[in-house]
Amino acid sequence: MRPIVLINVTGEDRPDLTAAVTGVLAHAGVTVLDIAQSAVHGISSLSILVEVADAAALNEAVLAAAQTLGQQVHFTELDAADYQRWVEGQGSQRHIVTLLSRQISAAQLQRVTALSAEQGLRIERIERLSLPVVPGAQPGNACIEFSLRGEPGDAAALRTEFLRAADELNMDIAFQADSLQRRHRRLAVFDMDSTLIEAEVIDELAKAAGIGDKVSAITERAMRGELDFRASFKERLALLKGLDVGVLDEIGASLRLTEGAERLFAELKRLGYKTAILSGGFTYFAKQLQAKLGIDYVFANELAVVDGKVTGVAVEPIVDAQRKADLLRELAQKEGLQLEQTIAVGDGANDLPMLAIAGLGVAFRAKPLVKQSARQAISTLGLDGVLYLLGVRERDLQR
């Protein structure tokens, strides 16, 4: 085998750098085995792995070109065994770690990289997906994506440590296989209450009926997974018997979208996604969101009304935890998709079955049990943080 040389060129970023260096390589007739380049704040780093007949002559020619361009250059010659190990490693499993926060700190980066290293994962690439921070500006969305090679020694332990680090350092950490499907998902389904909107509608109805505290306590326990959703839903709905439907318009007008919802749906639509609401809430309010956000499908519960009054009786079938998972399967089949190509987002225990079967299941600002049970969680950013988990760069979004 001819000599194999890794050439690293660093210095001021300039448009003619790569052309100049590869021109020297072309003149020497080398075979390029690998190449990578990045630039950070005007400083460029170019790495090229080549196979060459005369390493000494090549090094001399590249060094002369680099000096002319004001660059520093470093040469590393690999033996055949080193190169073979590198080739074999290219076929190993890869993972993506996504760090999300309002602003990135060195402590956050250190913890993520240290935990990854402890599990035997090697960093191959680090990229900022969010826009650069403007000095003096209020913290917004910040995201760093790590591409890692290898298999974690203990995946369960790594997830536990990532969750602990996220809580301690006010960040979110997502860990995903770097698969083709990650960038080719095409269906996204969402819970409504406390996910798409900043309220539990049934609690708002209960406040209007003068029984807010009683109903909200039941709702909280159901969302934490302490009560069966179906039974608790019927119990809460029965307490609303006799409520005037005129209240629905008032509550609907007062509901606030969750941070990032409009941006997320606009981008998903631009990217060709189908979207759906799968909610244990009420169709009346879900239809309003459908019109506002351009959502394709809505499945929620019917609020039965007779003579302008809420009956307090649930209309079957109730959209509960199992129904949400079944609907996700049905929608995926209807759209000709595999479940791996779907996204599910929710905050309550009744969302866990659909989060578990989706290709990307995200617990959004969720209760502790849900956050621990779901594979991914976002608590620090708005709903548009989901785009980062898809690998979407901020600079690629519509403005």
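The values are calculated or read from the model by the stated rules, or taken from the named source; none is laboratory data. Bear in mind that the values here come from a model prediction, so they are computed numbers and not experimental data. Glycine also receives a Cβ, built like all others from the backbone with ideal geometry; neighbour counts cover every protein chain displayed. Just so you know, the surface numbers come from the protein's heavy atoms only, side chains and all, with ligands and any DNA or RNA stripped out. Shrake-Rupley method; radii C 1.70, N 1.55, O 1.52, S 1.80 Å.
In nm, what is the difference between 0.36 nm times the number of residues separating residue 90 and residue 127 and their Cα-Cα distance?
11.4 nm is the gain from fully extending residue 90 to residue 127.
Rounded to the nearest 20 Debye, what is the dipole magnitude of the chain about its Cα centre when Lys and Arg each give +1 and Asp and Glu each give -1 at the C-beta?
640 debye
Over the Cα atoms of the range 1-58, what radius of gyration and what Dmax do you get, in Å?
Final numbers for Rg and Dmax: 11.8, 39 Å.
When only C-alpha pairs under 8 Å and at least 6 residues apart count, what is the relative contact order of the chain, in percent?
Reported relative contact order: 15 percent.
Where in the range 250-308 are there trypsin sites (Lys or Arg not before Pro) that are in a DSSP coil and have at most 15 other Cβ atoms within 10 angstrom of their Cβ?
Listed in order of number, the matching sites are 256.
Under a no-solvent Debye model with one identical scatterer per Cα of the chain, what's log10 I(q)/I(0) at q = 0.09, 0.11, 0.15 Å⁻¹?
Rounded to two decimals, the profile gives -0.65, -0.87, -1.32.
Rank 11, 150, 308 by mean-square fluctuation in a GNM of the chain with C-alpha springs under 10 angstrom and give only the top-ranked residue.
Highest fluctuation of the listed residues: 11.
Would you work out the relative contact order for the range 246-399, in percent, from Cα pairs under 8 angstrom that are 6 or more residues apart?
Once normalised by length, the contact order is 18 percent.
Which of the residue pairs 292/334; 234/269; 214/274; 309/371; 234/287; 214/287 have a Cα-Cα distance greater than 30 Å in the structure shown?
Flagged as over cut-off: 234/269; 214/274; 309/371.
How are the Cα pair distances of the range 282-382 distributed, in percent, across 5 Å bins from 0?
2, 12, 17, 20, 22, 15, 7, 4, 1, 0
Over the range 331-399, what is the relative contact order in whole percent, taking alpha-carbon pairs under 8 Å and six or more residues apart?
Dividing the mean separation by the residue count of the range 331-399 yields 22 percent.
Note the angle between two axes, namely the Cα long axis of helix 283-293 and the longest principal axis of the Cα atoms of the chain, as a number of degrees from 0 to 90, rounded to the nearest 10.
30 degrees
Report, in whole Å, the centroid distance computed from the Cα atoms of the range 261-315 and the range 171-228.
If we compute the Cα centre of each part, the gap is 13 Å.
Using only the alpha-carbon atoms of the range 214-365 as identical scatterers, what base-10 log of I(q)/I(0) does the Debye formula give at q = 0.12, 0.15 Å⁻¹?
Scattering profile of the range 214-365, log10 relative to I(0): -0.55, -0.86.
Want the number for residue 238 to residue 170: 0.36 nm per residue separation, take away the alpha-carbon distance, what's left?
20.5 nm
How large is the accessible surface per residue of the chain, computed with a 1.4 Å probe and reported in Å² as a whole number?
Spelled out: the 1.4 Å probe surface of the chain, per residue, equals 47 Å².
If one puts a single equal scatterer on every Cα of the range 93-178 and applies the Debye formula without solvent, what log₁₀ I(q)/I(0) results at q = 0.11, 0.21, 0.24 Å⁻¹?
At q = 0.11, 0.21, 0.24 Å⁻¹ the computed log10 ratios are -0.28, -0.96, -1.21.
In angstroms, what radius of gyration and Dmax does the range 29-167 have, counting Cα atoms only?
Both quantities, over Cα of the range 29-167: 19.3, 55 Å.
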